[in-house]
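Taking it in order: structure first as structure tokens, then the write-up.
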Amino acid sequence: MKSRCLMLLPVLVLGLATMEARAQTWPTKPLRAIVPIAAGSLADIVPRVVFEQLSIRLGQSIVVENRPGAGGTIGANLVAKAPDGYTLLVHSSAHTIAPSLHANLGYDPARDFAAVAPLGVTPFVLVAPPARGYGTIRDLVSAAKAKPGAFNFASPGVGTASHLSAERFRFSAGVEAVHVPFKGGAEAMANVIAGRIDFFFMALGAALPNIRDGKLSALAVNGARRSTALPDVPTTSEAGFANAEYPTWFVLFLPAGVSREIVDKLHRETLEALQEPRVRERLAELGVEPMVMTPRELDVYVEKQIAADALLVRAIGLKTE
């Protein structure tokens with residue numbers, strides 16, 4: 001038995017050396033990055049900002065391909081079945097919500113992907129029509145409690161991260177409000193500005209121009225800390241609403257079948273790209289802040305988020321498709 005193991009040892013060493021050599025020369029051709037969300041959204045803009053520098057570091061172009069539909073599951077399914085090391089996935093929080101909303105995904109969001117690096121994290125900002133006169137988030141809650149069931153809130157669709165953000169806040173604040181889903185964030189925002197919607201947890205980057213123009217009132221952000229883009233706006237936690245934190249993140253994934261050496265190399269190069277001043281400045285303008293994790297830490301984080309989202313979806317009473 002011992003002699004057999006000794007005979008196999010050179011084979012194992014050679015195999016490891018070959019894998020390491022492939023990782024050192026990778027990539028040898030352009031990469032394709034699937035963004036399973038519509039072009040022009042923050043989840044589409046963020047990777048394009050990062051990839052401009054990452055492609056320079058890798059010495060190969062990265063072609064972004066938008067494959068929206070079914071809550072981001074169409075694009076994710078495509079990448080899960082392409083473990084060639086040249087097909088990437090950039091997804092948002094919708095990645096961990098998906099298994100709670102879709103009974104037959106065709107892939108496992110945790111087991112079928114290797115998390116590479118977070119590209120950033122951004123809070124949702126709680127906005128309301130300025131005409132309502134809410135000076136603080138507490139004013140909104142008091143008004144909603146004074147008229148149970150009369151208030152409503154917007155989202156870009158059922159089961160979106162914006163929707164779950166509002167539900168977490170609603171549970172924490174103990175208020176009743178009717179969910180009004182729209183076909184997208186722009187339509188939802190327009191209805192808030194017009195005064196037809198009482199509040200909306202909106203992607204920070206998309207909300208900033210109208211907040212600065214006075215068309216929307218920013219009452220709180222639901223991140224772990226205040227946003228540098230809105231330093232005077234408190235977090236939901238600071239305002240006294242525990243468990244209302246629910247920022248959205250943007251993460252780079254590879255299919256699970258890709259070698260760990262390639263995952264680690266892409267992680268290192270992505271971190272370097274994120275440190276480029278031009279990238280940092282542009283992400284800051286979009287309200288996106290650093291989120292630092294190793295690939296293994298990120299894998300664990302994704303699994304925990306899947307479990308947490310499942311609990312929230314059940315609490316809301318959403319049904320799987």
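Quick notes
- Spacing of the two label points (7 Å from each Cα toward its C-beta) at residue 48 and residue 178, in nm: 3.7
- Using a cutoff of 8 angstrom between alpha carbon atoms and counting only pairs six or more residues apart, the relative contact order for the chain works out to 26 percent.
- Here the simple spin-label model places points 7 Å from the Cα toward Cβ, and for residue 28 and residue 268 these points are separated by 2.0 nm.
- The distance between label points at residue 60 and residue 284 comes to 3.3 nm (points 7 Å beyond Cα on the Cα→Cβ vector).
- Residues whose amide H comes within less than 5 Å of that of residue 119, counting only those at least five positions distant or on another chain, are 250, 251, 252 (H built at 1.01 Å from N in the peptide plane).
- Overall, the chain carries a charge dipole of about 260 debye about its Cα centre when +1 sits on the Cβ of Lys and Arg and -1 on the Cβ of Asp and Glu, all other atoms neutral.
- Efficiency of FRET between residue 132 and residue 243 - r from beta-carbon atoms, R0 30 angstrom, step 0.05: 0.75
- Here segment 82-96 is scanned for amide nitrogen atoms under 17 Å from the site 7 Å beyond the Cα of residue 108 along Cα-to-Cβ, giving 82-83, 96.
- Compared with the direct C-alpha span, the chain from residue 319 to residue 38 gains 98.7 nm at full extension, assuming 0.36 nm per residue.
- Scanning the chain for long hydrophobic helices, with DSSP H runs required to stretch 27 angstrom or more by C-alpha along their axis and to average at least -0.5 on the Kyte-Doolittle scale, returns 2-25, 295-316.
- When +1 charges are put on Lys and Arg Cβ atoms and -1 charges on Asp and Glu Cβ atoms, the dipole computed for segment 40-163 relative to its Cα centre reaches about 480 debye.
- Loop-located trypsin sites (Lys or Arg not before Pro) across segment 141-224 with a Cβ neighbour count of 12 or fewer within 10 Å are 183, 196, with loop assigned by DSSP.
- Mean separation of Cα contacts under 8 Å, 6 or more apart, over the residue count of segment 51-171: relative contact order %: 19
- In the elastic network of the chain, a GNM with C-alpha springs shorter than 10 Å, the most mobile of 79, 302, 288 is 302.
Rule-based calculations on the coordinates, nothing more; no lab input. What you see is a predicted model, and the numbers here were worked out from it, not measured in a lab. Note that each Cβ is placed from the backbone with ideal geometry, even for glycine, and that neighbours are counted across all protein chains shown.
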